[in-house]
Amino acid sequence: MKIAFTAPMKPLDHPVPSGDRTMGRLIVKALRSAGHEVEVASTFRAWRKNGSDAIQGEVRDEALKEADHVADQWTRSGYRPDLFLTYHLYHKAPDWIGPALADRFGLPYAVVEARRAPKRQEGDWAFGFAAADAALQRADAVAAIHNADVACLEAVVPNDKLCVLLPFLEAGPFQKAGDAEKTNAKAPLKLLAVGMMRDGDKTRSFEVLANALERVSDLPWSLTIIGDGPNRQNVLRLFPKERLNWLGALPPEALPDHYANHDMFVWPAIREAFGLALLEAQASGTGVIAGDTFGVPDIVRNGVTGLLSAEGDAEAFANNLRKVLHTPALADQFGAAARSHIATNHTLEAGAARLTDFSEMAFRNYSQTQKAPSS
């Protein structure tokens with residue numbers, strides 16, 4: 001299948017690394033690995049930090065100009081995809097390009113990782129909210145990235161066009177590191193956190209983690225943090241220096257060994273869609289202690305591959321830490337189960353199969369719509 005792709009939230013060539021950019025790249029790689037021809041139709045970014053009718057009206061106009069430009073290129077080259085696929089849209093990053101091109105060329109249109117926040121239906125983001133809803137209503141298939149998003153999407157997407165497409169990763173490097181580096185856990189347990197040090201939810205996650213670790217300061221442990229950002233000084237001062245090893249930001253290829261060299265991955269996951277690092281840690285054979293946020297319970301099996309606590313509850317997080325710190329063998333148990341869980345459910349191959357089924361669903365729904373008699 002020929003698939004035209006765009007990511008209005010964060011294009012694949014954006015210079016700032018993030019889980020969102022990584023997931024977009026993984027989707028393209030998975031589709032290509034399954035034999036599909038994927039072309040990035042546009043790298044236009046619709047996301048804006050602030051919202052208003054004027055701001056998003058201007059973005060819409062720019063997006064439609066970009067759609068015209070892409071359409072001209074397709075017409076001149078004779079290119080015509082079988083499907084237009086958009087990754088990650090919501091009120092801050094609506095998709096005008098995909099629907100416009102799908103309508104112009106008579107294509108099925110599909111969205112992976114659609115998010116919807118009804119409280120944004122009014123106020124500064126009303127324009128973007130309406131635009132995102134219009135794209136969802138045009139779509140022939142819509143995939144939430146976790147089950148928590150389904151309820152809001154059901155209001156505008158029929159059940160036969162809506163599904164959950166669980167996230168995945170290229171597990172090989174992490175599994176290889178686990179094979180080479182993993183050793184049995186013993187006190188003091190080596191804990192690992194990976195996260196960008198920016199204001200907002202990331203810093204809040206570090207604050208909850210620091211609070212929880214302070215509650216188990218009577219037990220032996222050490223913490224490694226991988227990550228950097230504008231709020232570095234405020235984040236690092238949250239943790240006791242004598243127990244902290246800060247490595248800064250590391251290239252992706254350096255991460256697998258660090259995951260495998262630690263006993264537990266710890267991350268409160270405040271407002272996380274799912275947390276790609278939680279997948280990476282588990283693929284390396286490292287269990288997790290995390291917040292029970294949005295899509296986290298879809299990728300972490302509570303009590304099997306790790307332990308989850310209510311989002312933002314430092315005391316409950318600390319209680320889970322205490323369980324594993326008291327019984328290091330639990331870390332080994334969670335790690336082995338985590339590795340198996342990822343190998344079965346969240347590899348690139350599993351993602352490719354799910355994306356193929358999803359693409360075929362979009363094509364099938366569109367074909368049925370075209371055959372339906374007009375009223």
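What the table shows:
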| quantity | calculated |
| --- | --- |
| Enumerated helices (runs of 4 or more DSSP H) restricted to the range 74-162, each holding at least 1 residues that are aromatic (Phe, Trp, Tyr) | 97-105, 126-138 |
| Residue list for the range 292-313, restricted to those being polar (S, T, N, Q) and modelled with pLDDT under 95 | Thr293 |
| The range 49-59: number of residues that are surrounded by fewer than 16 Cβ atoms within 10 Å (Cβ to Cβ) and closer than 18 Å to Gly98 by Cα | 2 |
| Unmet requirement for Leu189, which otherwise passes all of (1) under 27 Å from the mean Cα position of the chain (by Cα); (2) in contact (Cβ under 8 Å) with a residue 60 or more places away in the chain | (1) |
| Residues within the range 1-46 that are touching a Leu at 6+ places or on another chain (Cβ under 6 Å), more than 17 Å from Glu170 (Cβ to Cβ) and of a type in the set (Val, Ile, Thr), tallied | 1 |
| Some residue of the range 26-47 being in the same structural domain as Ala353 (by TED's automatic domain parsing), modelled with pLDDT under 95 and surrounded by fewer than 23 Cβ atoms within 10 Å (Cβ to Cβ) | no |
| Of the criteria (1) free of Cβ contacts under 8 Å to residues at least 40 places away in the same chain; (2) under 18 Å from Ala143 (Cα atoms); (3) among the charged types (D, E, K, R), which one Arg76 fails | (2) |
| In the range 226-254, residue nearest to Leu321 (Cα to Cα) [restricted to those that are aliphatic (A, V, I, L, M) and part of a loop (DSSP other than H, G, I, E, B)] | Leu238 |
| Ala148 among the hydrophobic types (A, V, I, L, M, F, W, C), under 30 Å from Ala283 (Cβ atoms) and in contact with a Cys (Cβ under 9 Å, 6 or more places away or on another chain) | no |
| Number of the exception - Gly275 against (1) surrounded by fewer than 18 Cβ atoms within 10 Å (Cβ to Cβ); (2) modelled with pLDDT under 95 | (1) |
| Count of residues meeting criterion [of a type in the set (S, T, N, Q) and either more than 15 Å from Pro99 (Cα to Cα) or within 20 Å of the chain's Cα centre (by Cα) (or both)] in the range 109-149 | 2 |
| Checking Ala281 against (1) surrounded by fewer than 16 Cβ atoms within 10 Å (Cβ to Cβ); (2) within 18 Å of Lys323 (Cβ to Cβ); (3) not polar (S, T, N, Q), the condition it does not meet | (1) |
| Test: residue in the range 219-226 that is in contact with an Asp or Glu (Cβ under 7 Å, 6 or more places away or on another chain) and under 25 Å from Thr22 (Cβ atoms) | no |
| Lone unmet requirement of (1) part of a helix (DSSP H, G or I); (2) modelled with pLDDT under 95; (3) not β-branched (Val, Ile, Thr) for Pro15 | (1) |
| Residue list for the range 203-225, filter: surrounded by fewer than 20 Cβ atoms within 10 Å (Cβ to Cβ) and not in a helix (DSSP H, G or I) | Val216, Ser217, Asp218, Leu219, Pro220, Trp221, Ser222, Thr224 |
| All strands (runs of 3 or more DSSP E) inside the range 256-375 with 3 or more residues being small (Gly, Ala, Ser) | 287-292, 306-310 |
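Residue-by-condition table, conditions (1) under 12 Å from Thr6 (Cβ atoms); (2) of a type in the set (Val, Ile, Thr); (3) out of contact with any Gly (no Cβ under 8 Å at 6 or more places or on another chain); (4) without any contact (Cβ under 8 Å) to a residue 24 or more places away in the chain:
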{"position": "Lys65", "(1), (2), (3), (4)": "no, no, yes, yes"}
{"position": "Pro99", "(1), (2), (3), (4)": "yes, no, yes, no"}
{"position": "Ala117", "(1), (2), (3), (4)": "no, no, yes, no"}
{"position": "Arg120", "(1), (2), (3), (4)": "no, no, no, no"}
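The values are calculated or read from the model by the stated rules, or taken from the named source; none is laboratory data. The structure presented is a predicted model; accordingly, all values stated were derived computationally and were not measured. Neighbour counts run over all protein chains shown; Cβ positions are idealised from the backbone, glycine included.
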